[in-house]
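Asker: One structure, pasted below without further comment.
Nothing in this text is a laboratory measurement; each read-out follows from the coordinates by a stated rule. Since we're looking at a predicted model, the values are computed, not measured. Note that each Cβ is placed from the backbone with ideal geometry, even for glycine, and that neighbours are counted across all protein chains shown.
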Amino acid sequence: MPIHLIHRWSLLLLAIVPLGSGAGTPSTEAIVTFNTVCARCHEGECSGRLSFTDARNASRGHILRHFPAAGNQPGMVGELFELLDHMKEACAFYSLQPPAGPARKWDGKALERYTTANRRNLFIPIGRLVPGDYRLHLRMESDVRVKVHLIAENFDLVVETCENTSNGKLALPFTIEEPGSYFLRLYPQKPVRVEELTIK
């Protein structure tokens, strides 16, 4: 392809899908947003890096159609595009460190950065689990109905349920059959702070 056309396409791509502020390193906010809003439809789409045509014709309109708030957050559209590109090429969640604190026990402060700005969704990397029986304990600031997904690194759902808390608490038993990294996705039906998360 002639160099002048490559340059023109590059300029068009920048105009259509502005890069996130991290220039290839998406923010934690963007990662949590992508994995709670976008990833549900794109998990397992391992078709390789997006082409220019995909980016130009689909990404910005698609993102804003399904997550209009991205248009009000500088750089968010570009970061979400980068994360979609990563998922399609690597067939994996973008790397995100588990919350700081004791092993698999986190308070509300540690969980803040894994919560969307409107406190509606959470995406928490809980680290590596080995085969065995476990129990997930949640403590919320108030009672709420919450959808819970526990996801393996290959996108298999280990837990998929919707439950009501009682006195702000919820306990869910689950079994791990394959060793690997696991991720927790929470969808409270109203904005609420998660005060504590423990997996034993």
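Asker: So how do VAL194, VAL158, VAL77 line up by other beta-carbon neighbours within 10 Å, fewest first?
Answerer: VAL158, VAL77, VAL194
Asker: Bin width 10 Å, origin at 0, all Cα-Cα pairs of the range 62-200: what percent of pairs per bin?
Answerer: Using 10 Å bins, I get a P(r) of 11, 39, 36, 14, 0 for the range 62-200.
Asker: How do TYR187, TYR114 rank when sorted from fewest to most other Cβ atoms within 10 Å of their own Cβ? The partial results should precede the final answer.
Answerer: On the way: TYR187 15, TYR114 25.
Fewest-to-most ranking of TYR187, TYR114: TYR187, TYR114.
Asker: Residues with beta-carbon under 12 Å from that of LYS200, excluding LYS200: net charge, scoring Lys, Arg +1 and Asp, Glu -1? Could you put the intermediate results ahead of the total?
Answerer: Working: positive: ARG104, LYS105, ARG135; negative: ASP133.
It works out to a net charge of +2.
Asker: OK, next. For LYS105, go through the lysines and keep the ones whose alpha-carbon is under 16 Å away, minus same-chain ones fewer than eight residues off.
Answerer: Excluding near neighbours in sequence, the set is LYS169, LYS200.
Asker: With +1 assigned to the C-beta of every Lys and Arg and -1 to the C-beta of every Asp and Glu, and no other charges, what is the dipole magnitude of the range 97-189 about the Cα centre in debye, to the nearest 20?
Answerer: On the way: 13 positive and 11 negative charges, 86 e Å.
It works out to roughly 420 debye.
Asker: Using the number of other C-beta atoms within 10 angstrom as an exposure proxy, rank PHE34, PHE123 with the fewest first.
Answerer: Details: PHE34 27, PHE123 24.
Fewest-to-most ranking of PHE34, PHE123: PHE123, PHE34.
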